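Each value in this text was obtained by applying a stated rule to the coordinates, not by laboratory testing. Bear in mind the structure is a predicted one, so any value in this text is a computation, not a measurement. Here the Cβ positions follow ideal geometry from the backbone for every residue, glycine too, while neighbour counts run over all protein chains shown.
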Amino acid sequence: MNWNSYSTHLANEKLASARLREPPLIALLIKRTYDIDDHGKCHLADEQHPIYEDMIPYEEVPPPRISPPKWDNDLFAFKEMTDVIIQGSAHSYGKLLRETVVRVHFSNISRSIKVYGHRKCVWDRTGHLQFTPPEPFEKIPLRYDCAYGGQDVIALKRYGDPVEETFDFIRPEWKLSTTSPYHYPRNPAGKGFLVEADRESVEAIELPNLEWLEDPITPERLAIGSVKKWPQGPLPAAFDWYEQSWFPRIACLGITPESEVSLKDILEINLGWIPKEVVEKHSCLDQQMHPFFVQGASPGLSIKSLKPNEIFLLENLFPKKPQMVIQLPDEVPEAMIKLPMKGKLDLKPFLNTVAIQSDEGKLIMVWSCRAAVQRPYSPPEFDYIDYQIRWKKG
């Protein structure tokens, strides 16, 4: 196979460099978008998604609400694990469904989410909370704003947040009303989070549509009793991108919401979804962030080793078929760069991201082709660095 000529700098290809350790590194990011046909085969798409240099929200919403991320920053070029993202909806396939289960299987990973139609939380005659039967649905988005979390607007109004109130006055552009103690640290974009289960608070919430099959959300679990007991709350259920300011990602910077409950035995660690060292980082004054911070997948979906021809089985996620088997394209980039005054340098490929967008029938893969260099390079220098790419079977 012959090399292509030196590439121009395309929107779906970008250089990055950093001094994360010694020696410094340089990377060529390559984002490839594929169409998934009705048989689960992946074909290179005519329209290629660009490299994103910042987090992209699903939508703009007024504070204190928060939109979950639609895509994370692609310039986190030096990941140590592959982020697996599944974006889409649970489908009813023309049936009158009130609940279903979506499942994702790949490698040695298996995840199942119970999906409900819209429900309400009400008081029964004995003064206990009850969930009403779910309403029928055609499809429910598998997004974090449909999972457990959000903010307790009544508690926020009732007790206030002096820090937020001060900075909303002098720095309204900071939007600190989206980071109050009354937002669920694991998922401030969700719904159902309560501090106290009184009548006014219960009437103000929406119930989540999504829950982990092994971690059901019951009326007794909605209210955590104190904002400092948030580690005991339910785990939000989704396969989507996970925002940088949410726990546990934010803990990688030494910033962890105050808790009166030990974090050493939280469910994410017991399940093996996050490294225990994340919660042991005590201060943002530490010189280095924990490398897990750049992993943008939902906890438990950052994989140490993922094959470029990996097979995925997805149930109740594609609009036309309840079960889809998808095989990744089994192609790997070979890349080299030409540094000014330094000559050619071969790069080693690493698969940063695999994202399946089931409703759109798209697969997006982000590759990071890397090498050690003598010094970090700055963005203005990238215009003078040429590169070549060719693709081979994995």
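Quick look at the numbers
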quantity	calculated
Option label - Cα extents along the principal axes in Å computed here, alternatives (i) 77, 52, 36; (ii) 90, 56, 42; (iii) 56, 50, 41	(i)
Cα-centred dipole magnitude for region 245-295, charges only on beta-carbon of K, R (+1) and D, E (-1), debye, nearest 20	160 debye
FRET E, pair Glu220, Asp330, Förster distance 56 Å, beta-carbon r, rounded to 0.05	0.70
Most mobile listed residue (Tyr34, Tyr144, Tyr58) in the chain, GNM with C-alpha springs under 10 Å	Tyr58
Relative contact order of region 245-295, defined on C-alpha pairs under 8 angstrom at six or more residues apart (%)	54 percent
Dipole of the chain [Lys/Arg +1, Asp/Glu -1 at C-beta], most positive-end residue of Leu317, Ser89, Pro134	Leu317
Charge dipole magnitude, Cβ of K and R +1, D and E -1 - the chain, Cα centre, debye nearest 20	940 debye
Protection-proxy order for peptides 291-302, 104-115, each taking the mean of Cβ atoms within 10 Å per residue, highest first	291-302, 104-115
Ordering of 363-369, 226-232 by packing [mean C-beta count within 10 Å, highest first]	363-369, 226-232
For region 245-295: rounded, prolate or oblate by the Cα gyration tensor [a/c cutoff 1.5]	oblate
GNM flexibility winner over the chain from Arg32, Arg19, Arg370 (Cα, springs under 10 Å)	Arg19
Label-zone membership for region 350-387, site Arg19, 7 angstrom Cα→C-beta point, backbone N under 18 Å	371-382
The chain - mean residue ellipticity at 222 nm from DSSP helices (-39,500 (n - 2.57) per run, n ≥ 4, rounded to 500)	-1500 deg cm²/dmol
Whole-Hz ³J(HN,Hα) from phi, Karplus 6.51 cos²θ - 1.76 cosθ + 1.60, for region 350-361, glycine and proline x	9, 7, 6, 9, 10, 10, 9, 10, 5, 5, 8, x
Among Glu196, Glu277, Glu80, residue whose mean-square fluctuation peaks in a GNM of the chain (springs only between Cα atoms under 10 Å)	Glu277
Cα→Cβ-extended label distance, 7 Å offset, between Tyr52 and Leu129, nm	3.2 nm
